[in-house]
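Some notes on the structure that comes next.
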Amino acid sequence: MKAMRIHEYGEADKLRYEDVDEPRLASPQEVIVALKSAALNHIDLWNRQGLTGMDITLPHILGADGAGVVVEIGEDVKNVKVGDKVCLYPPTGCGACEFCLTDRDFLCLHVRVLGERLQGTYAEYVKLPAKNCFPIPADLSFEEAAAFPLVFLTVWRMLVTNAELKPGEHVVILGIGSGIGTAALQLAKHMGAHVVVTSTSDQKLELARNWGADHGINSTTSDFAKEVRELTGKRGADVVVDCVGGDSWGMSLATLAKNGRLVTCGATAGTNPQTDLRRVFWNHLKIFGSTLGSRGDFRQLLTFMSVARVRPIVDDVFPLKDVAAAHRRLEQRKQFGKIVIQTAAV
Ligand SMILES: [Zn+2]
């Protein structure tokens, strides 16, 4: 099969489009999926550069997100059959610990994620546990079905499971344009929240307004904490999605109303920001950190996407042989929404 692999860590030019042996079933609980589409995540860039500290055997296929058709199943597989169109739940655990036994593999000490410790989705075929395959919601295309799992699962856990977002609440999303930011915008709007977004780009703020954002703040020219206070009659926001960290962190805390919730799944601008703890206890704030989510979260998300007709925002689609160009677009933060890879030969 064709696949995009790295043989050594480094820049996007280390990605090699080449012929690779097709994966083979190694257990009766596994399946092989013929991928139609994959999608990029920031973690792919860090894995490509070898920045995660994880032991990855090289050469390696990156990619945590994918969608396609089941073409082979192990003898114990009951939940899918050959020909099923599926999207993929990225993490899998040891199968035996307290977390794995309750469908929360993402918390397992030995968690393996597609494209990290498992061979990923920048390929024509991928092997994975059958229980990580789920029916594609509503009438999403393969491109859309590959675009949503990792970021929407992460955002669902942050906004719904952890922050318990309610209709009518005020949500602030920092750095709109990223996969996480656009997923948060879409889910929060579908849930009836009032959504304020920030960006350093007026163009991205305009796009966000077209996708339903109620208010946009250019964070290079305005103090978003102050502006949100003014917008909400000094009350502040109920939920802030801050996957930026760095200097934004203190402002995110200052943006929150009493009983506000701060959710984070990343810290692209810095991992050691100052925190005024008085703000946290005086204002009864809750801070939730998370990455990915449980199979239960994923099932709830799939149902919600079908019922609410949520279609993920696809920024652009690249053929498999051009993954390096796709990586550069993500690295330069030019995207609005998800960058998708067409993995199947056309
Ligand atoms: Zn486990």
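The values are calculated or read from the model by the stated rules, or taken from the named source; none is laboratory data. Keep in mind it's a predicted model, so treat the numbers as computed, not measured. Note that each Cβ is placed from the backbone with ideal geometry, even for glycine, and that neighbours are counted across all protein chains shown. Please note that ligands, DNA and RNA were not included when accessible areas were found on the heavy atoms of the full protein model with its side chains. Shrake-Rupley method; radii C 1.70, N 1.55, O 1.52, S 1.80 Å.
Would you tally the residues in the range 5-39 being farther than 21 Å from Ala147 by Cβ and open to solvent by 10 Å² or more (accessible area, probe 1.4 Å)?
Final tally of qualifying residues: 23.
When you scan the range 74-90, how many residues do you find that are in contact with a Lys or Arg (Cβ under 7 Å, 6 or more places away or on another chain) and either among the acidic types (Asp, Glu) or under 22 Å from Thr343 (Cα atoms) (or both)?
Taking the range 74-90 and keeping what is in contact with a Lys or Arg (Cβ under 7 Å, 6 or more places away or on another chain), we get 79, 89.
Subset that is either among the acidic types (Asp, Glu) or under 22 Å from Thr343 (Cα atoms) (or both): 89.
Within the range 74-90, residues that are in contact with a Lys or Arg (Cβ under 7 Å, 6 or more places away or on another chain) and either among the acidic types (Asp, Glu) or under 22 Å from Thr343 (Cα atoms) (or both) number 1.
Look through Leu153, Leu165 and report the one residue that is among the hydrophobic types (A, V, I, L, M, F, W, C), in a loop (DSSP other than H, G, I, E, B) and either in contact (Cβ under 8 Å) with a residue 12 or more places away in the chain or more than 19 Å from Gln342 (Cα to Cα) (or both).
Of Leu153, Leu165, the one residue that is among the hydrophobic types (A, V, I, L, M, F, W, C), in a loop (DSSP other than H, G, I, E, B) and either in contact (Cβ under 8 Å) with a residue 12 or more places away in the chain or more than 19 Å from Gln342 (Cα to Cα) (or both) is Leu165.
Name the residue, out of Val111, Val126, Val86, that is touching a Pro at 6+ places or on another chain (Cβ under 8 Å) and over 20 Å from Glu72 (Cβ atoms).
Val111 is the lone residue from the list that is touching a Pro at 6+ places or on another chain (Cβ under 8 Å) and over 20 Å from Glu72 (Cβ atoms).
Working only within the range 181-215, note down all residues that are more than 17 Å from Leu256 (Cα to Cα), outside any helix (DSSP H, G or I) and in contact with a helix residue (DSSP H, G or I) (Cβ under 8 Å, 6 or more places away or on another chain).
Met191, Ser199, Trp211, Gly212, Ala213
Inspect all residues belonging to the range 40-55 and state whether any of them is in a strand (DSSP E or B), touching a residue at least 40 places away in the same chain (Cβ under 8 Å), more than 16 Å from the ligand (Cβ to nearest atom) and open to solvent by less than 30 Å² (accessible area, probe 1.4 Å).
Looking through the range 40-55, none of the residues is in a strand (DSSP E or B), touching a residue at least 40 places away in the same chain (Cβ under 8 Å), more than 16 Å from the ligand (Cβ to nearest atom) and open to solvent by less than 30 Å² (accessible area, probe 1.4 Å).
Across the range 81-102, which residue is nearest to Pro135 (Cα to Cα) among those that are under 24 Å from the mean Cα position of the chain (by Cα) and away from the ligand (no atom under 16 Å from the Cβ)?
Here the answer is Val86.
What pairs come up if the first residue lies in the range 248-269 and is among the charged types (D, E, K, R), the second is buried (at least 20 other Cβ atoms within 10 Å of the Cβ), and their beta carbons are under 6 Å apart, counting only those six or more places apart or on different chains?
Short answer, once both residue conditions are applied: Arg261/Ala163; Arg261/Val239.
Quick check on the range 141-148. Is at least one of its residues within 16 Å of the ligand (Cβ to nearest atom) and either in contact (Cβ under 8 Å) with a residue 24 or more places away in the chain or closer than 27 Å to Gly337 by Cα (or both)?
Checking the range 141-148: not a single residue is within 16 Å of the ligand (Cβ to nearest atom) and either in contact (Cβ under 8 Å) with a residue 24 or more places away in the chain or closer than 27 Å to Gly337 by Cα (or both).
Just name the residue that is most open to solvent (accessible area, probe 1.4 Å) out of those in the range 56-73 that are farther than 20 Å from Lys338 by Cβ and touching a residue at least 40 places away in the same chain (Cβ under 8 Å).
Glu72
Give His190, His194 a once-over and let me know the one that is farther than 30 Å from Glu116 by Cα, open to solvent by 30 Å² or more (accessible area, probe 1.4 Å) and under 18 Å from the mean Cα position of the chain (by Cα).
Only one candidate passes the filter, namely His190.
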